[in-house]
Structure formats: structure tokens, C-alpha cells
Amino acid sequence: MAATSYQPSARFLFWDVTLQQRKILLRGTITLVTLLLLAIYLMPLGYGAVTSLKSKQQVADPTAPILPAEAARYEYEGREYDVYQVPTEDGIQQWALVNKGRESSEFVDPANPEAGLVEWQGRWRTLEPARSLDFQWNNYPRAWETIDFLRLMLNTLMYALTTMVGAVVSSAFVAYGFARFRFPGKGLLFMVLMGTIILPPAVTLVPTYAFFTYIGWTGTWLPLIVPQFFANAYNVFLLRQYFLTIPNEMEEAAAIDGAGPLRTFISVILPQAVPALTAVSLFHFFFAWNDFFGPLIYLAGNPDWYPISVGLTFFNGLYSSEPQLILAAAIITLLPPLVIFFLAQRVFMQGVVVTGVDK
Amino acid sequence: MVPAIAATLIWAQVLNPQTGWLNRMIAAVSPIEAVGINGLRWLDNPSLVYIAYTFIGIWGIGNMILINLASLQGVPTALYEAAELDGAGWWNKLWNITLPMVSPVIFYNLVLSVVGLLQYFLVPFVLNGGSGYPEGTTRFYMIYFYKQAFTFANMGYGSTLAWFMFIIALIITALLFGTARHWVYYAAEAR
């Protein structure tokens, strides 16, 4: 540095390069750490996907390779033999073990069976078995059929879609009321509504359960669907925040043209609130898809009506000896929300950004 | 975004002491004998079970990351430019701009997750059907409540339990709101 200090242009160049290199180094390190974290984070997903393609024996074998594979076998003169990785003078060969011996064994080369048995010096127990990739794709249809996935899926979809429509429409109405109208006790009512966010649902569970039993709705979907048509605090809050950002001028123009509040709401407010409505709809869809406690309690004893979440839990209890089927079922379950999320990601994030907060 | 049931079922296998990847990875990179009879039995060992549940819990923070990402994107860049002109380094920018600007969202997440965790139910219920295995370490409040109210049809006792939880939730949220005055920044109030 001392040498270059009297050459301003050269020094500038020198600093420029190191700064850039340092930046690249820093970026590289950050990227590497992020990738590592990502890999750790995705590890269970990868494990689930890989294991769901294994056979039952492979899942239970602690020495099994990571990818789904079956021990290779070779049929020689009417009998099946295990294939091993045999180190020979020509490198490692995959040979089938025919006659086992302590210090030497007889193998046959599947690529050249006419050569007959080959004597190999060494202990066969030290050899690694040869394996070939073998994906058990039929785990998926098996899981699908074993737990009657179609019915679970349809139940869940029915629940998610009807409550999505109900929750979003009713919440939009309530939010519009809180955002645009003046009425006595508005502040207090809004506080009470927001208070229900903090109130644990378990507190109201016993009385609501007793009530629904009294009117004979337990064991059906009604206690789960009907309340969703009466708005909920999260959605109201989000939509209200968004409605507040919509300028008043357009509504005033609509009022001058003779539109009533309902007309204004449908033709002016809603079309401008599409990002927020999309975000709220998707949040609700994910919530309903994952909802577990409600269906568990209200549908108890009615397996025909179970949604995926509850069905999968019981499947887990019944088939604990077949982890590959459970994992296949789990992967099928997590695909729909994941696909919807990736497809709607941009609209979704936009909605989250404009509404500020979410569920 | 991954449904909690699917995530729990997958984790149950990842944590399998013999064949799960977690133990095999630990055995591969460290001298700990994770696999085997004396290996790390994540879901059977009372002193490991909470760590295992923590793994599962941390895996489910995607939603919160999403919310935080949205709020981070909402911080006006003009603030950073102004701070840079005043000679602020990255730490100053993080401490004096980013954190205060996103603190309402952090607070919101904090309150919701505390209230949510008081009702921790799904993971232990899926893993052991609410039996509290091993040695009652996973008998969480909601599990007990569910057993009393809906398995033993003990509704009166269940209601009491639920109200007790409400009081606890109320106290905790009140405390949180009390601390919020000191660290949560609301732009509207400053005006």
C-alpha cells in the first residue's frame, strides 16, 4: 500500500478489485450458508419422498442405502443367488455368489455365465451386496386405495371450499361495515371482535359443543361449516385494513350516481380489493385443509365424513408397521396446498404485503 | 405451508432411531453412536422428546417467515438511504430502522404463537394418540383437556380446565402487551 500511495489511479484500481473480491467472497459465503440451511430444512421432505418409494424391507433396514434400492439377484441354473461387489484384478465386478466358503467362494459372472463358476479368494461376508435402484411407485396407489383417499380428499375439498366462500363473503361484509359506517358502539364492538383472536378456541369449545349436541348437529359437517358463514376476526381485520386504504372518492362518485351502500360495496369496493380477497381466501383454504381439532371432535365416530387430516391420523395408527405407505399418504396430502401456494404465490405475497399482517 | 399432519408423520420417520436420516446423519458426521440399541431414541427418551418436538415445531415456521418477509418488504427504502447519508453501518440500520419498523409484526407473531402454543395439541396427538408417552412428558394441557372433555365425557371438568387456560392466556397476553410499550414501534403514534 505504501508503494502505491503516490499513484492515485493505481491505488484506486487496487482497492476497487479487493472490494469487489471481498463482496464476491461475502456473497458466496452467505449463499453457501443459506443453501446449507435450505438443505437441512428440506431434508425431511426429501426423506419423506425417498422413503415413500421404498419397499417395506428397505425402510426397516438400517444399512439400506439412501435411495430406494433392492438387493440385486441373479438366477443361475434354476436358482436365485445374491449379487455382490467383488474386487478382482479387473476392478470391482458384480458377481452372483453361488457356493459360500469361509476363505474362498465360488461366483458366477452374470455378464458371462457360460464361463461357469469362478473361484474367488477372500471372505464373502466382507463383500458389499450389489444393489440396483428400484422405485416402488405402487406405494402411492396402495396408500390411495388403503385409506380411500378419494373420499377423504372430496370431504376436505368440500369443507375447504364451502367455508372459504362463506368466510370470505361474510368477513368482507363485516369489514366493510367497520371500515365505512358510523354506528353507536362501533369501537367497542371492534375491540370485542379483535379480542376473540386472543381467546383460545378451547374456552368456547365446551359450550359450543354442548349447544351443537343439543340441536343435534354433532356427527355432521354443520357445526364446522355454518359458523364460518358468520365471519371471523382475522379476516375481518385484514379486509378492514385494506378497505381503509381505498380512497373515498370513488364511493362518493358512485353515491352521486345513485348507488346504494350494497351496490357500492359490490361494484366499487370488491373489485379494488381483489389482492386482499385472494390472500384471505387462500389463508382460509390452507387453514381448512389443515384443520384437525374441529373435525376430530364434531365428526367423532363418523369415518365416512372424515377430512384428510383426521383420516391420516387414524391411518397412521393402523399402519404403523408400513411407514412407506404412511409417508406416501403424507406426501399426497401435502401436495395440493403446496401446488396452490406455488401457483398463487405472487398474488398471495402481494395480498400479504398490502394487508400488512395475516393469520 | 406444509400441512402439520403430513409434517408430523414425516418427522416421525426422520426421527426413527434405526432408519431415520437424522440419526444416520449424526452418526456419519460425529462420533456419537446415534444409530443402534443405545442410539438416540428421540421420541421414546423423556429427556430427548422435547428436543424432537422442537425440531417439528421449528419446521412449521414457514407461515411466520412469510409474514416477516412481507413486513420486511414493507419497510420504506427511503429510510435506509437517509440513514446511509448519516453514515449508519449495517448494524445501525438493522437496529434503528429494520427492527423498529417490523416490531409490530414480530409482536403480532409473538402473541399469536404464545396463544397458539398454549393449545399445543396436534403433534403429540398424531405421534402417540395423546397417551403422554414417554412417561407423561407429552401430556400437554390441551391433550388433557381433550381426554377429560371428549374421551371421558367429563364436560364440567373440561369447562373448568378451559376457563383456567383462558385466564392464563389472558395474563400472558396482558404481560406481553405491557412489555410492548417498550419495544414495539407504531408509526402512527409518533406523528
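No value in this document is a laboratory result; all are computed from the given coordinates. Just so you know, these numbers come straight off a predicted model, no measurement behind them. All Cβ positions, even for glycine, are placed from backbone atoms using ideal geometry, and neighbour counts span all protein chains on display.
The length gained on full extension between A:K186 and A:E128, counted as 0.36 nm times the residue separation minus their Cα-Cα distance, comes to 13.3 nm.
On the beta carbon distance between A:I340 and A:E119, with R0 = 51 Å, the FRET formula returns roughly 0.25. Helix B:4-14 and the longest principal axis of the Cα set of chain B meet at an angle near 60°.
With R₀ fixed at 30 Å, the C-beta to C-beta distance from A:Q20 to A:M194 puts the FRET efficiency at about 0.05. Helix A:201-214 axis versus longest C-alpha principal axis of chain A: approximately 80°, rounded to the nearest ten. The gain in end-to-end length when the A:Y214 to A:F173 segment is fully stretched comes to 11.8 nm, 0.36 nm per residue minus the alpha carbon separation. Here the calculated FRET efficiency for B:Y185 and A:L154, from their Cβ-Cβ distance with R0 = 56 Å, stands at 0.75, rounded to the nearest 0.05. Net charge in the neighbourhood of A:T264 (other residues with Cβ under 14 Å of its Cβ; Lys, Arg +1, Asp, Glu -1) is -2. Size of the dipole of the protein assembly as shown about the Cα centre, Lys and Arg at +1 and Asp and Glu at -1 on the beta carbon, nothing else charged, in debye to 20? Rounded to the nearest 20 debye, it is 1820 debye.
For the pair B:L94 and A:M250, label points projected 7 Å from Cα toward Cβ lie 4.1 nm apart.
Remark: mean inter-chain Cβ contacts per residue of A:315-321 equal 2, using a 10 Å Cβ-Cβ cutoff to other protein chain atoms. Expressed as a fraction of 2.2 N^0.38 Å, the value expected for a compact globular protein of N residues, the C-alpha radius of gyration of the stretch B:31-107 is 1.80.
Backbone amide hydrogens, once placed in the peptide plane, bring A:Q93 within less than 5 Å of A:V86, A:T88, excluding anything fewer than 5 places away on its chain. Take each residue of peptide B:71-83, count the partner chain Cβ atoms within 10 Å of its Cβ, and average: the result is 1. Taking the longest Cα principal axis of chain B as reference, the axis of helix B:62-73 is set at about 0 degrees.
Normalised size of the stretch A:140-355, defined as Cα radius of gyration per 2.2 N^0.38 Å with N residues, equals 1.19. Computed on the protein assembly as shown, the Cα convex hull volume stands at 277 Å³ per residue. Here's the picture: a label point sits 7 Å out from the Cα of B:S131 along the beta-carbon direction, and within the stretch A:300-344 the residues with their amide nitrogen under 15 Å of it are A:314, A:316-321. With contacts taken as Cα pairs under 8 Å at a separation of at least 6 residues, chain B carries a relative contact order of 19 percent.
Normalized C-alpha radius of gyration of the stretch B:94-162, against 2.2 N^0.38 Å?
For the stretch B:94-162, the normalised Cα radius of gyration is 1.58.
Overall, chain B carries a charge dipole of about 380 debye about its Cα centre when +1 sits on the Cβ of Lys and Arg and -1 on the Cβ of Asp and Glu, all other atoms neutral. Would you tally the net charge around A:L193, using a Cβ to Cβ cut-off of less than 13 Å, leaving A:L193 out, and scoring K and R as +1, D and E as -1? Summing Lys and Arg as +1 and Asp and Glu as -1 gives +2.
With no solvent and one equal point scatterer per Cα, compute the Debye intensity ratio I(q)/I(0) for chain B at 0.19 Å⁻¹ and report its log10, rounded to two decimals. The calculated log intensity ratios at q = 0.19 Å⁻¹ are -1.23.
Net charge in the neighbourhood of A:G101 (other residues with Cβ under 14 Å of its Cβ; Lys, Arg +1, Asp, Glu -1) is +1. Taking amide H as placed 1.01 Å from N in the peptide plane, the amide H of A:Y81 sits under 5 Å from that of A:Y74, A:E75, A:Y76, each at least 5 places away or on another chain.
For the stretch A:69-133, what is the convex hull (Cα atoms) projected area averaged across all directions, in square nanometres? List each step's numbers first, then the result.
On the way: hull surface 17.4 nm².
Averaging across all directions leaves 4.3 nm² for the Cα convex hull.
With springs connecting C-alpha atoms under 10 Å apart, model chain A as a Gaussian network and identify which of A:K54, A:K186, A:K100 has the largest mean-square fluctuation. Checking each option, the largest mean-square fluctuation is seen for A:K100.
Could you state the number of Å between the C-alpha centres of the stretch B:13-53 and the stretch A:154-219? First find each Cα centre; the distance between them is then 43 Å. Computed from backbone phi, the HN-Hα couplings of the stretch B:139-155 come to 8, 7, 4, 5, 4, 4, 4, 4, 4, 5, 7, 10, 8, 9, 6, 9, 5 Hz, rounded to whole numbers (Karplus: 6.51 cos²θ - 1.76 cosθ + 1.60, θ = phi - 60°; Gly and Pro given as x).
With an 8 Å cut-off on Cα pairs and a minimum separation of 6 or more residues, tell me the relative contact order of chain A in percent. Across chain A, relative contact order equals 19 percent. Taking the helices alone, the protein assembly as shown has a mean residue ellipticity at 222 nm of -19500 deg cm²/dmol, built from -39,500 (n - 2.57) per DSSP H run of at least 4 residues and averaged over all its residues. Measuring nothing but how far apart in sequence close Cα pairs (under 8 Å, 6+ apart) lie, relative to its length, the stretch A:69-133 scores a relative contact order of 33 percent.
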